[in-house]
Amino acid sequence: MKRPVDHGAMAVSGYTVPWHTAAGTSVGLHVSSSRQVRDIRIVRLDTPGAEPMNWRVEPTGSAVSHRDFDHGSFLRVAATELATEIGGVAFEVYLTRNDGARVLFESGNLRLGLQDGRLTSGLDGKSLDSGVALPANTWLKVEISSNDGATVLRIDSDDLLSPFHLDHGFDLPWRPLPGDMVFGTSMANDVRSLNAKFSAISLQTAAGRVAWTFPTLLPSGPLASTGTDRVLFLETINQPAFCMTSRRWDGSSFDPRLVPSHYDAVHCHDDDMGALQWPASCQLQIPAAAPPGVYAFEVGHDQGSERIVFFITSSARRAPLVFLVPTATYLAYADEFLPAHLYEWRCEDRGHSFAIDNNLKSLYDYHNDLSGVSICSTRKPKATLRDDYNYPLCGCPHNLPVDLHFLRFCHSNGIAFDLITDRDLHERGLAGLRDYRAVITGSHPEYMSVEMEHALRQFAAAGGSIAYFGGNGFAGKVAFHDDLMELRRSPLEAGRTWDGAIAEQSLSITNQPGGYLRASGRGEFSLTGVAISLMGFDGARPFTRTPESRQPSAAWLFDGVTSETFGDDGIVLGGAAGYEVDATDPHLGTSPETMVIARATGFPDSFVHDATRWYEGGDSERDGRCCAEMTLRHLPSGGLIFCASSVAWCGALPAGDAMNDVGRITKNLLAHLAAKTSQ
């Protein structure tokens, strides 16, 4: 259902297409504004101080205006597909949580509606409130047939303990035309769409039965029917979730590749939102010599401005180091809802307020029917992806602004780097890292595709190095398709965010298991040697050197560092070890070659242990592992892997011309890697 963008929290919002691209290509700005736009210019964000770029932004002819959001997924067979005699329709539906007025099915002169769960029906404008409540959370088979001038509705459930059966007749014929046939909303799309799974849709036509089977793999377009020579197409509108358990799922397998008929359902939600189709209001032709970096369209209006971020990536090697932009993590967090009844806000942020006002959801949120949000498009506003963003849970910068703090440190200290996105790495694999000596990460590269993680592993095996300047990285598995990114959370993540049903963890883009990379034999411990150990939103802690750090293989890292303890200040919770921190665990795969070179302890009691770790010694061992561990591993290939093991590390770097011990360690490492002979 469409509604105008609520600009109460942000006067301007939008997105770019593409989100990241190379110099010499073009990028379009798709924007909505409630105020008169004064000017649009390009600024570079990863250099000390926002740097205006003297690049011409060209209007497209589609002026900036107040746009709409379109929420709610549903299914549709267009009227043009229905130019044939139809005698009946059948489908399976699994209702979840639906309050108020909803529509189950509408076609021609027939509407099946719900009012607070009670079935209402209408034929030729004659309404009937049956008073019958359709059961939720059980599969129903709905059949509608029309012949001899009468229409029959039959609904049956599969629940053996609470069986449901309804037969209802109308003394009027059902006439499917004119108009579309829709499942889960009204033909006018003027009510909230239905929260429900659908499966096994079929029509009885003059030529015979036509049917649609929802594939386990996400389709790239409308679904073609089977059963007759004339193929009809069914559209899925606004990105419902595919690869969902259906009426045929019996618990015998959790793998859709083995039993695809058990996963032939889609889940529609009233707050789903597919890729937006706002027109581009202006376009930038990026100069061929533009340096790679983090940029934004700065849209000025009479009360201020907003910046809409995009990335210019490297197309050829110019530096020995390459920074990996964690767009998967940025997208997963974008527009996080953070409902006040679940989370204590420590600061306000207009991006989160905008998300709440417009019912936008991140991949950390749950739908209105309590199922998890598992797929989203880059073609949407990312209101929390800003250089001035503060995370309400910790009252300080998070993700992009922390990574910008790191990149500005590099520029201030003469550290040259190229820049690619993790999506580039996903698509190009090891070839995208060829000739680089080291990959460097930002503060929180949490989400990875199998392809990304494998490319990093191959890179290190071939002699490359990885400088992991973050915490809780290389953990969650994602998949990509065009502008879409998908993740499915596992029960291992319960308590931190929504957790999906075990049977519905497989990704619809690949049909591979979702959840943690670790569960697929990849990820944090086997790649970097560390994984998240603690999470908390109170004060961060400093690191203290270990005796191992004085061994010749590690001592160079601390050149110029005179204090045993370092990192007692920073823009993220006031220190170098905070928010989410990592530690080793040989039981879970940390290599014996991994050296712990610094450790942070003394975290507040509000920090919680990672629920996926099990300690043989029980509570006493767990309490003794309340720490963050900075590590260094020299690989047989000649490369090395450094782990700062803290989301807060980059935030503890000095700004401008200043220097501190966190900066010295970081600079020592990057200078060493830049000079290191590639293998």
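Within the range 223-232, if we keep just the residues that are over 29 Å from the mean Cα position of the chain (by Cα) and surrounded by 15 or more Cβ atoms within 10 Å (Cβ to Cβ), the residue that is nearest to Ala503 (Cα to Cα) turns out to be Ser225. In the range 365-411, which residues are in contact with a His (Cβ under 8 Å, 6 or more places away or on another chain) and more than 19 Å from Ala648 (Cβ to Cβ)? His367, Asn368, Asp369, Ser371, Val373, Arg379, Ala383 - these are the residues of the range 365-411 that are in contact with a His (Cβ under 8 Å, 6 or more places away or on another chain) and more than 19 Å from Ala648 (Cβ to Cβ). Of all residues in the range 659-672, none satisfies being open to solvent by less than 60 Å² (accessible area, probe 1.4 Å), in a loop (DSSP other than H, G, I, E, B) and of a type in the set (Val, Ile, Thr). Restricting attention to the range 132-146, the residues that are over 15 Å from Thr120 (Cα atoms) and open to solvent by 30 Å² or more (accessible area, probe 1.4 Å) total 5. Of all residues in the range 643-658, those that are at pLDDT 95 or above and farther than 21 Å from Ala600 by Cα total 2.
Would you check if there is a residue in the range 127-140 being assigned to a strand (DSSP E or B), over 13 Å from Leu172 (Cβ atoms) and in contact with a Gly (Cβ under 8 Å, 6 or more places away or on another chain)? Yes, the conditions are met somewhere in the range 127-140.
Checking each residue in the range 213-243 for being in contact with a helix residue (DSSP H, G or I) (Cβ under 6 Å, 6 or more places away or on another chain) and either without any contact (Cβ under 8 Å) to a residue 12 or more places away in the chain or over 22 Å from Ile144 (Cα atoms) (or both) picks out Thr216, Cys243.
Residue by residue, here is whether (1) in contact (Cβ under 8 Å) with a residue 12 or more places away in the chain; (2) within 25 Å of Ile665 (Cα to Cα); (3) buried (at least 24 other Cβ atoms within 10 Å of the Cβ) holds:
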residue: Tyr447; (1), (2), (3): yes, no, yes
residue: Val450; (1), (2), (3): yes, no, no
residue: Glu453; (1), (2), (3): yes, no, no
residue: Leu456; (1), (2), (3): yes, yes, yes
residue: Gly464; (1), (2), (3): yes, yes, yes
residue: Gly471; (1), (2), (3): yes, yes, yes
residue: Phe474; (1), (2), (3): yes, yes, yes
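From the list Ala431, Ala519, which one is in a helix (DSSP H, G or I), more than 18 Å from the chain's Cα centre (by Cα) and farther than 26 Å from Phe323 by Cα? The conditions single out Ala519. If you check Phe409, Phe417, Phe354 for being open to solvent by less than 10 Å² (accessible area, probe 1.4 Å), of a type outside the set (D, E, K, R) and more than 25 Å from Met273 (Cα to Cα), only one passes: Phe409. Checking Val210, Val259 one by one, the residue that is surrounded by 20 or more Cβ atoms within 10 Å (Cβ to Cβ), out of contact with any helix residue (DSSP H, G or I) (no Cβ under 9 Å at 6 or more places or on another chain) and free of Cβ contacts under 8 Å to residues at least 40 places away in the same chain is Val210 and no other.
Assigned to a strand (DSSP E or B) and touching a residue at least 12 places away in the same chain (Cβ under 8 Å): is that true of Phe537 in this structure? So Phe537 fails the test. Each residue in the range 299-328 was checked for being open to solvent by less than 30 Å² (accessible area, probe 1.4 Å), in contact with a Pro (Cβ under 9 Å, 6 or more places away or on another chain), more than 24 Å from Arg56 (Cα to Cα) and not aliphatic (A, V, I, L, M), and 2 pass. A single entry from Asp229, Asp250, Asp271 fulfils the requirement of being in a loop (DSSP other than H, G, I, E, B), charged (D, E, K, R) and under 25 Å from Leu104 (Cα atoms): Asp271. Within the range 275-298, being buried (at least 18 other Cβ atoms within 10 Å of the Cβ) and within 23 Å of the chain's Cα centre (by Cα) holds for Leu276, Trp278, Gly293, Val294, Tyr295, Ala296, Phe297. Filtering the range 114-131 to residues that are open to solvent by 20 Å² or more (accessible area, probe 1.4 Å) and on the phi < 0 side of the Ramachandran plot leaves Gln115, Arg118, Thr120, Lys126, Ser127, Leu128, Asp129, Ser130.
Selection of the range 1-27 for residues being among the polar types (S, T, N, Q), under 21 Å from Gly61 (Cα atoms) and crowded, with 18+ Cβ neighbours inside 10 Å yields Ser13, Thr16. Scanning the range 159-182 for residues that are open to solvent by 70 Å² or more (accessible area, probe 1.4 Å) and more than 26 Å from Met1 (Cα to Cα) yields a count of 7. Where strands (runs of 3 or more DSSP E) sit wholly within the range 304-381, those with at least 1 residues that are over 17 Å from the mean Cα position of the chain (by Cα) and among the polar types (S, T, N, Q) occupy 304-313. Tallying residues that are in contact with an Asp or Glu (Cβ under 9 Å, 6 or more places away or on another chain) and either in a loop (DSSP other than H, G, I, E, B) or farther than 16 Å from Gly567 by Cα (or both) within the range 540-551 yields 3. Every test in (1) β-branched (Val, Ile, Thr); (2) over 21 Å from Phe469 (Cβ atoms); (3) buried (at least 16 other Cβ atoms within 10 Å of the Cβ) is passed by Thr544 save one, and that test is (2). Being assigned to a helix (DSSP H, G or I) and more than 20 Å from the chain's Cα centre (by Cα) is a property that holds for Phe409. Quick one: in the range 552-578, of everything that is touching a helix residue (DSSP H, G or I) at 6+ places or on another chain (Cβ under 8 Å) and not in a loop (DSSP other than H, G, I, E, B), which residue is surrounded by the most Cβ atoms within 10 Å (Cβ to Cβ)? Going through the qualifying residues, I end up with Phe566.
The values are calculated or read from the model by the stated rules, or taken from the named source; none is laboratory data. Every value quoted in this text rests on a predicted model; they were computed, and no experiment measured them. Glycine gets a Cβ as well: all are built from the backbone with ideal geometry, and neighbour counts include every protein chain shown. Just the protein is used for accessible areas: all its heavy atoms, side chains included, with ligands, DNA and RNA removed. Shrake-Rupley method; radii C 1.70, N 1.55, O 1.52, S 1.80 Å.
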